[in-house]
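**Q** The structure under discussion is supplied below as structure tokens; questions concerning it will follow.
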Amino acid sequence: RYTNQKILIAVERQGDFLVIRVDDDGRGYPKHILDQDEQIRKQPNLSLITGSTGLGIYFSDTIAKMHKNNNGIQGKTRLENGGRYGGASFVLELP
């Protein structure tokens with residue numbers, strides 16, 4: 001729905017984290033989504049304009065935070081624009 005033709009899923013180790021990144025060649029996330037405070041963005045909220053509930057990001061972030069290493073470092077998610085194809089990027093980091 002949001003990509004044009006390409007999606008790339010990349011997995012790599014960065015320090016003590018396993019980083020899973022999904023990049024596309026779409027228009028990217030709207031500025032207002034990227035500018036929102038992380039806590040606000042990660043609460044489900046029905047948008048009557050787009051029909052989006054935000055549940056995907058919310059559950060992804062909740063599950064990521066359940067992953068902890070022995071030092072108590074939690075997993076996390078990030079939304080970015082750019083990536084390998086210049087569109088949206090969803091990044092999941094697990095300790």
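Where a number appears in this text, it was derived from the coordinates with a stated rule and is not lab data. Given the structure is predicted, the values throughout are model-derived calculations rather than measurements. So basically every Cβ, Gly included, is an ideal-geometry build from the backbone, and we count neighbours across all protein chains shown.
**Q** Per 0.36 nm of contour for each residue apart, how much would the distance between Val19 and His32 grow if the chain were fully extended, relative to their Cα-Cα spacing?
**A** Result for the pair: 2.2 nm of gain on full extension.
**Q** What net charge do the residues around Arg84 carry, taking every other residue with its C-beta under 10 Å from that of Arg84, with Lys and Arg at +1 and Asp and Glu at -1?
**A** My count for the surroundings of Arg84 gives -1.
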